[in-house]
Every structure is written in structure tokens, then in C-alpha cells.
Amino acid sequence: MIRLNVDASVTDSRRTWTLTLLGKAGDRSCWFAVDETIPEPPTFDFALAASVHRAMADGEDLHLAGTASFAMLANLEHYIEIWSSWRPDLYQPIGLSADKVDTTTSPHSRVSPSAVLAFSGGLDSSATLVRQIEGLAKRDTAHVRMLMVVHGFDLPLDAPSAFSRALTSIGRQVARFELPSSVVTTNWRQTFQCNWEMEYVAALSACLHLYSAQYPVGLFAIDESYATIKDYLPWSNNPVSNHYLSGESFEVRGDAGALSRGEKAELVARYPEIGDNLRVCWAGPMTGENCGRCEKCVRTQLNFIARGLLTGSAFPRELIPEDVIQIAPKNATQLMFMEEICREADLGGCNDQRIEALRGVVRDARRRDFNSGESSHMATACQREANEDRVSPKTKTVQLTKSSGLTALSKILRKMFPKAAFISLEKRKTTSRL
């Protein structure tokens, strides 16, 4: 059994919680820090959210030395079932316990509650801010009272100047709304993370739970729409497991799952100061600004262009067709996003040269590597695993079934994993290490 200890301290006007995992795999610790004016949360639910994936990866039951809410423990039991079923290669079913279980029911109403919003300055979180402020989330509309910005996720702790520039841009984006922002700093990625793409929502919810003494709801943006997420589960941010990261008195709530990125661009375009200060870049240099040339930067600009919207001054220069040509998709998920842009451009009658260039990129990608249906989905999952450099090599077996996409799928997988063993339904071979 892993014992989870939580220690709190206040130093230099920052309140810090240090989480320590004591288990058979060795001791691990990480920390989360916020301004000392933020009240302490009533439970250590945040620590469970931050630790659950690491405990599943180690395959040991998790015991919290402190208080957890009954609802958090019950929800995480479902969460563990989901993720150990989706990724048995990474996570094992585990049990949960705590020194003390708080069974107090929440006194908060679901009608227009106050909320803290996880905000990065990107398209998704910006669209969620607009939706909430304008009341477009209908009965799920909350009163956003604070923005939470995390340092240590997309912008690393060793890039303080880049984070400072990003925080300045966020200030310009939200100035008219007079919303305070609060920064959470954490080294979770360096210490507790096993697989970012499967776990980042759990880490984000842990940060949101730090504000549970002030607000009953923690909001974050759903980054992929309900219409497309079915094609590439498992993925950390999803409508199946997200809500199981909520506790009794604090609800973790995803927003804008029914919107495409183009529809989010339309929302953001209503407020030029938000669009002019978007930050979406993570693949370029760690400057805290957009490089304008990576796949994410180019694709986000095309989301605006496809709907006849101005891209604003968030990017260093105007996008040209040559920029589009060089962003060949690296996996089926990126191809899906590009196809979505083309469809929205078709519906709007957009014939911009940059969209035409994207159509060429999509045609080339279809001919070269990617096929529809099962092949695209499995290739995407395999590519994600191959790109995860934090996971040690494992023995992999890929079973090929009889289907129309078998030949193309086989070529894709053998290209990705030349040393892997492939087995069919008729012939089975001994597995080998990747």
C-alpha cells in the first residue's frame, strides 16, 4: 500500500502543499504552491487527484493520511475502473482509503454557482470564458470569479520569463472583465506524471481543488468536441471520466464540449483583446508567445480563416500558403482537426488560398499514411505511445484482425514499430521487445 502524506507550509507569501508517496516503488514527492491569501481547502481531495495515476501505475492501493470527502473517494473508484480498463498496459485497479472520510453534503446550489476557471490564454479556455460570461452554457452557466493559471504544465518551471510574458498576455485578454488571476506553481510533471496525454486533467483538477474553500465549482475547457473524441479515446480530457474528479463540496466541470474549434474561434473573435493575446504554441521555442509556424499555431490561425475571421495580432506575422504546406500531420488526430477546418470552410464558402493549401495537405496525408476508421484510430493510439518518452520500453503485442483496413494498418504499425511482433488470428508468434 502507498501512503500519501500531505504537509502544508507558508513561505515568502506562498502557501505550499508537499505530497509524498511512500510505497514499494520508492518514495516520491511533488508540491503545489499558491498565494497565501487562498484559504486552505477543507479536505485533501486535491492530493488524491494528483496521485491516483501514479498509484495505478505502481499497482498499489492508495491511503491518504488525512481527510477526504466520501464523494471524492466514490468518484475516484469509478475513475480507476475506467482508466484501468482503457489502458491496462499503464494502469492497474487499486483500492482507496483515508484516515478520515468527510460525509458532509455540499451546501452549495447548482444554480449559477461561483467558479474558478483554469485559464491558459489559449483558444479553448478563452472560448469557455466567453461562454460563461455571456451565459451561453445555459443551466451550466457559472459566475467566473477567478482565473487559475498553472506554471509547470505547458510552460516549464525553468522558463520563468516565458511564463511572465504569458501571464502579461492573459492580463490584457481579460482586462475588461476585471477578473483576478491566481497562479499555481507545481513540479507535478517532473515527479508524479506517468503519461501526460492520459493524465493532465487529473493534475489540472488537483490544482482547481486548491480553491475549494472559496468556490464550489472548478471549470476547465474541454479541448476536443463530443463529435470527434469518439475517434481517439482514450484521452485525458473526456466526458466519460472528467466528472469523476469532483469531490463533495467542489465540482470539477468541463465546458464547451459541443463546440468545434472553429465555433470557439467565433466566440473568441467577439472580444478582439482576447484574440489578439491568444497563446496556443507549445512546440515552438519556450518564449511565452506564439511561434506562428508550428502545427498548432498554423492550425489555430486556419480555424479563424475558415470562418472569415481575422486572426488578430497574436501571431508574429500573417499566415501565408507556404506556412500551411509545411505542417504535414504527424498522426490521425491532427489530420482529423485539419479535415474539420476544411469542412467548415466548405460550409462557409471560404476559398482562401491558405485553405486551399490545407486541402492539399489533407489530400497528401490521406494518400501517404492515413486511412479512415479503424486504421486511423489505432495508428493514433500507437503513435501517442511511441511519442511518450517518459515510459520505459515494454513488450508489445499488436493483434491484427480481419478488416478492410488490415493491409494499410499493418503497414502503418510496422513502420512505427519495426521491432514489434505482430500476430494474426491464424498465426501467433512470440512477442519481442520494442
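So the values come out like this:
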{"item": "Flag for ARG293 being in the same structural domain as ILE341 (by TED's automatic domain parsing), in contact with an Asp or Glu (Cβ under 9 Å, 6 or more places away or on another chain) and not in a helix (DSSP H, G or I)", "result": "yes"}
{"item": "Region 183-205 - residue that is among the hydrophobic types (A, V, I, L, M, F, W, C) and over 13 Å from the mean Cα position of the chain (by Cα) and, of those, farthest from ALA118 (Cα to Cα)", "result": "CYS194"}
{"item": "Scan of region 276-299 for residues that are touching a Cys at 6+ places or on another chain (Cβ under 9 Å), surrounded by fewer than 18 Cβ atoms within 10 Å (Cβ to Cβ) and in contact (Cβ under 8 Å) with a residue 60 or more places away in the chain, ordered by number", "result": "TRP282, THR287"}
{"item": "Selected residue (only one of TYR215, TYR226, TYR211 is surrounded by fewer than 18 Cβ atoms within 10 Å (Cβ to Cβ), among the hydroxyl-bearing types (Ser, Thr, Tyr), out of contact with any Asp or Glu (no Cβ under 9 Å at 6 or more places or on another chain) and in contact (Cβ under 8 Å) with a residue 12 or more places away in the chain)", "result": "TYR226"}
{"item": "Residue list for region 219-253, filter: under 12 Å from the mean Cα position of the chain (by Cα) and part of a strand (DSSP E or B)", "result": "PHE220, ALA221"}
{"item": "Test: residue in region 178-199 that is free of Cβ contacts under 8 Å to residues at least 40 places away in the same chain and within 25 Å of ASP89 (Cα to Cα)", "result": "yes"}
{"item": "Yes/no for ALA8 being part of a helix (DSSP H, G or I) and either surrounded by fewer than 21 Cβ atoms within 10 Å (Cβ to Cβ) or of a type in the set (S, T, N, Q) (or both)", "result": "no"}
{"item": "Selection status of THR18, surrounded by fewer than 18 Cβ atoms within 10 Å (Cβ to Cβ), free of Cβ contacts under 8 Å to residues at least 60 places away in the same chain and assigned to a strand (DSSP E or B)", "result": "yes"}
{"item": "Residue list for region 143-158, restricted to those being in contact (Cβ under 8 Å) with a residue 60 or more places away in the chain, under 12 Å from VAL183 (Cβ atoms) and crowded, with 20+ Cβ neighbours inside 10 Å", "result": "MET148, LEU155"}
{"item": "Which listed residue, of THR287, THR311, is among the polar types (S, T, N, Q), more than 22 Å from the chain's Cα centre (by Cα) and in a loop (DSSP other than H, G, I, E, B)", "result": "THR311"}
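The values are calculated or read from the model by the stated rules, or taken from the named source; none is laboratory data. For clarity, every value in this text was computed on a predicted model and none was experimentally measured. Note that each Cβ is placed from the backbone with ideal geometry, even for glycine, and that neighbours are counted across all protein chains shown.
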